[in-house]
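The values are calculated or read from the model by the stated rules, or taken from the named source; none is laboratory data. Keep in mind that what you see is a predicted model, and the values were worked out from it rather than measured. Backbone-built Cβ (ideal geometry, glycine too); neighbour counts: all protein chains shown. Heavy atoms of the whole protein, side chains included, go into the accessibility calculation; ligands, DNA and RNA do not. Shrake-Rupley method; radii C 1.70, N 1.55, O 1.52, S 1.80 Å.
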Amino acid sequence: MGITDDATMLFSARRLDFGALFETIEELDIGEPVLRDVILKSVIPINQDNTIEILLIDTHEDYTRGVKHVAESPNFEDTALQDSEQDSDLYGLTWRTLLGETAVWTNKFYYRNSDKVSSEGEAYPDLVPAETPASDYPVREDIITITEGETELGWRSDFETVNQWGLFSAGLRITQIELDYSTVLDGDWNRFVYDEDDFRPDPEQYFIVLTPESIDSTMNQKETSYVGYVDQVFEFGDWGFGTGLRFERDGFADESFASPRFNVNWQPSKTVRYFATAGLFHQSPRYLELAANESNDLKTEKITHASVGFKYFPSSNWSLLSEAYYQNLDDLVVDLDRTSGTYANIGDGTSYGIDFVLNGAIYEGLYASATYSYNDAVIDRKDGRGDVAAEFSREHVATLGLIWEISDRWKVAGRYKYLSGRPDDEFIIHSNVLGPGQPLRYSKEITERNVGRKSGSGSLNLRVDYRRAFGPIDVTAFLDVINVTAASSSDDTEFDYRRGIEVVDDSEAEPLIGLRLDYAW
């Protein structure tokens with residue numbers, strides 16, 4: 001069994017160093033991020049019925065923010081010292097087999113590895129005279145260090161065939177994940193933003209103290225999870241009825257469960273299709289929340305979902321998709337106390353909304369898309385406050401995009417996005433919380449979470465691509481300008497505990513210049 005002449009391979013490599021860019025746009029307080037990624041993908045037909053795909057991905061991310069960046073922060077609004085490094089690799093093999101004329105069997109084998117170490121410290125420029133150089137600022141480096149190590153080995157097998165009723169599919173997922181997480185705090189750390197119910201030994205102490213005894217944690221755990229599913233679509237003329245069952249074993253949640261799924265499709269004509277879905281879904285606990293405290297024995301979050309919608313084709317070039325949904329949320333993970341990193345599955349809530357997606361071609365080479373989403377999501381954290389807006393929910397999100405393929409070499413794209421504000425908090429600001437003889441510090445005590453809304457915001461992104469082929473190598477140079485209008489958002493605020501005020505981030509346009517190499521043979 002040999003490789004045919006139709007084998008193809010794609011190699012892509014990219015490295016972005018933003019340090020010089022931030023100097024150009026005079027955003028010297030941001031820090032120095034460096035990103036690199038290498039992607040190798042190959043499709044190898046073995047024979048008429050068998051194809052192998054190989055995928056290799058290597059990425060590296062590095063970010064440093066030191067005292068020189070703190071010195072450039074207006075009014076020393078951000079004095080955090082940060083250092084993080086992450087290496088991630090993915091190796092995947094896909095074997096696709098045709099079984100007869102109506103069946104496909106696909107097997108995917110993969111290995112994933114990720115190592116991330118991040119630390120945060122603090123500089124104290126307000127404790128020295130104004131003319132002091134940044135190198136002489138008092139600093140406390142690596143106050144908290146978080147290590148996130150993950151390895152995952154997996155096999156996914158999917159079988160699909162046409163039978164006398166319609167379409168049948170079944171599959172199996174087996175994953176083994178090993179986590180090596182740790183949090184290390186180098187001494188007590190005063191924090192000046194807290195919830196009114198966070199632990200304080202004295203209610204008259206208007207700040208919280210993180211201690212190694214309550215924050216330090218380690219998690220070294222290897223678990224195997226299994227998923228098996230079967231689905232059958234029954235086709236009767238213009239109608240299709242789908243029913244399925246998913247069996248799962250979540251190793252980290254130590255739970256086993258079955259989740260039913262249902263869907264209905266009706267296509268009375270070529271111009272419109274109606275559909276409805278219903279099912280039970282489970283969300284695995286988040287690794288960082290599991291690792292935050294040894295007492296965090298977290299289970300899966302449960303989502304009961306139902307939706308109805310349609311897809312309409314007014315012409316051969318345009319389509320409109322609309323879907324309304326309702327979700328019941330149970331066993332949600334909520335944070336109990338930020339001084340100890342404890343979480344529990346005690347929350348519940350609801351989420352409902354509607355989505356619209358419009359896609360089409362204005363004329364050959366000029367394409368447009370528009371989306372709108374409305375969502376109302378509330379959560380009861382069981383803290384006596386009842387239903388409040390979900391943490392990161394936005395009631396309205398709308399986008400408008402255009403792509404103009406000027407020629408084989410030039411392409412221009414633009415996208416405008418509007419976001420309504422996230423939920424806001426009610427809070428009290430306390431002054432001189434450290435007491436006489438200590439540096440002046442303010443604190444922000446949150447008394448009500450997620451009440452009201454912050455103001456909305458919009459942003460415009462533009463991108464220009466220029467592509468040339470040199471034999472088997474495709475070279476693409478691009479200019480990607482993020483937030484062209486330099487619009488700021490009220491969501492991006494931080495509490496300045498030196499002045500006792502909320503600081504809105506003054507956004508700037510961020511031009512990214514890059515070069516991409518694709519090699520195919």
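Just one residue in the set 512, 419 is open to solvent by less than 50 Å² (accessible area, probe 1.4 Å), aliphatic (A, V, I, L, M) and in contact with a His (Cβ under 9 Å, 6 or more places away or on another chain); that residue is 419. Based on this model, can you work out whether residue 76 counts as more than 21 Å from the chain's Cα centre (by Cα), aromatic (Phe, Trp, Tyr) and closer than 30 Å to residue 215 by Cβ? Spelling it out, residue 76 is indeed more than 21 Å from the chain's Cα centre (by Cα), aromatic (Phe, Trp, Tyr) and closer than 30 Å to residue 215 by Cβ. Among the residues that make up the range 468-486, is at least one of them under 29 Å from residue 412 (Cα atoms), touching a helix residue (DSSP H, G or I) at 6+ places or on another chain (Cβ under 9 Å) and either among the charged types (D, E, K, R) or part of a strand (DSSP E or B) (or both)? Looking for residues that are under 29 Å from residue 412 (Cα atoms), touching a helix residue (DSSP H, G or I) at 6+ places or on another chain (Cβ under 9 Å) and either among the charged types (D, E, K, R) or part of a strand (DSSP E or B) (or both), one finds none in the range 468-486, hence no. Cβ-Cβ contacts under 7 Å between residues 6 or more apart (or on different chains), taken from a first residue in the range 115-131 that is without any contact (Cβ under 8 Å) to a residue 12 or more places away in the chain to a second residue that is surrounded by 15 or more Cβ atoms within 10 Å (Cβ to Cβ) and not polar (S, T, N, Q), are listed as 128/137.
State which residue is most open to solvent (accessible area, probe 1.4 Å) when the search covers only the range 65-107 and only residues that are within 26 Å of residue 117 (Cβ to Cβ) and basic (Lys, Arg). Top of the filtered list is 68.
Let's see how each residue does on (1) open to solvent by 30 Å² or more (accessible area, probe 1.4 Å); (2) free of Cβ contacts under 8 Å to residues at least 60 places away in the same chain:
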{"site": "445", "(1), (2)": "no, no"}
{"site": "450", "(1), (2)": "no, no"}
{"site": "454", "(1), (2)": "yes, yes"}
{"site": "458", "(1), (2)": "no, yes"}
{"site": "462", "(1), (2)": "yes, yes"}
{"site": "470", "(1), (2)": "yes, yes"}
{"site": "475", "(1), (2)": "yes, yes"}
{"site": "478", "(1), (2)": "no, yes"}
{"site": "484", "(1), (2)": "yes, yes"}
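Report every pair of residues separated by at least 6 positions or lying on different chains whose Cβ atoms are under 7 Å apart, first residue within the range 307-322 and within 15 Å of residue 363 (Cα to Cα) and assigned to a strand (DSSP E or B), second open to solvent by less than 70 Å² (accessible area, probe 1.4 Å) and basic (Lys, Arg). Pairs found: 319/311. In this entry, residue 119 passes the filter for residues that are open to solvent by less than 60 Å² (accessible area, probe 1.4 Å), farther than 25 Å from residue 38 by Cα and among the hydroxyl-bearing types (Ser, Thr, Tyr).
Residues checked against (1) of a type in the set (Gly, Ala, Ser); (2) closer than 30 Å to residue 255 by Cα; (3) part of a strand (DSSP E or B):
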residue	(1), (2), (3)
331	no, yes, yes
348	no, yes, yes
351	yes, yes, yes
377	yes, yes, yes
403	no, no, yes
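Residues that are buried (at least 16 other Cβ atoms within 10 Å of the Cβ) and under 28 Å from residue 498 (Cβ atoms) do not occur anywhere in the range 217-224.
Table: residues versus (1) among the aromatic types (Phe, Trp, Tyr); (2) modelled with pLDDT of 95 or more; (3) within 30 Å of residue 219 (Cα to Cα).
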site	(1), (2), (3)
243	no, yes, no
279	no, yes, no
293	no, no, yes
297	no, no, yes
304	no, yes, no
312	yes, yes, no
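Can you tell me how many residues in the range 404-442 are aromatic (Phe, Trp, Tyr) and closer than 29 Å to residue 491 by Cα? Count: 4. Taking residues in the range 407-426 that are among the hydrophobic types (A, V, I, L, M, F, W, C), and partners anywhere that are surrounded by fewer than 15 Cβ atoms within 10 Å (Cβ to Cβ) and assigned to a loop (DSSP other than H, G, I, E, B), the pairs with Cβ atoms closer than 8 Å and at least 6 places apart or on different chains are 412/406. In summary, residue 49 fulfils each of the numbered conditions (1) among the charged types (D, E, K, R); (2) open to solvent by 60 Å² or more (accessible area, probe 1.4 Å); (3) over 30 Å from residue 103 (Cβ atoms); (4) at pLDDT 90 or above with the single exception of condition (3).
Among the criteria (1) touching a Gly at 6+ places or on another chain (Cβ under 7 Å); (2) farther than 25 Å from residue 276 by Cα, the one residue 323 does not fulfil is (2). The condition (being surrounded by 15 or more Cβ atoms within 10 Å (Cβ to Cβ) and free of Cβ contacts under 8 Å to residues at least 40 places away in the same chain) is satisfied by just one residue among 147, 151, 175, 183: 147. Looking at the range 218-227, can you tell me whether even one residue there is under 25 Å from residue 94 (Cβ atoms), modelled with pLDDT of 95 or more and of a type in the set (A, V, I, L, M, F, W, C)? Taking every residue of the range 218-227 in turn, at least one turns out to be under 25 Å from residue 94 (Cβ atoms), modelled with pLDDT of 95 or more and of a type in the set (A, V, I, L, M, F, W, C). Of the residues 198, 231, 250, 188, the single one that is in contact with a Ser or Thr (Cβ under 7 Å, 6 or more places away or on another chain), open to solvent by 40 Å² or more (accessible area, probe 1.4 Å), touching a residue at least 40 places away in the same chain (Cβ under 8 Å) and not aromatic (Phe, Trp, Tyr) is 231.
Within the range 370-386, is there a residue that is charged (D, E, K, R), open to solvent by less than 80 Å² (accessible area, probe 1.4 Å), in contact with a Leu (Cβ under 7 Å, 6 or more places away or on another chain) and modelled with pLDDT under 95? No, the conditions are met nowhere in the range 370-386.
Going through 471, 437, 500, 452 one at a time, which residue ends up being out of contact with any strand residue (DSSP E or B) (no Cβ under 8 Å at 6 or more places or on another chain) and under 30 Å from residue 207 (Cα atoms)? Result of the check over 471, 437, 500, 452: 437. Those residues that are within 28 Å of the chain's Cα centre (by Cα), of a type outside the set (Val, Ile, Thr) and in a strand (DSSP E or B), I need them from the range 213-241; list them, please. The answer is 217, 219, 220, 221, 222, 223, 225, 226, 228, 229. As a summary of the residue check, residue 259 satisfies the conditions (1) within 22 Å of residue 304 (Cβ to Cβ); (2) open to solvent by 60 Å² or more (accessible area, probe 1.4 Å); (3) touching an Asp or Glu at 6+ places or on another chain (Cβ under 9 Å) except for the one numbered (2).
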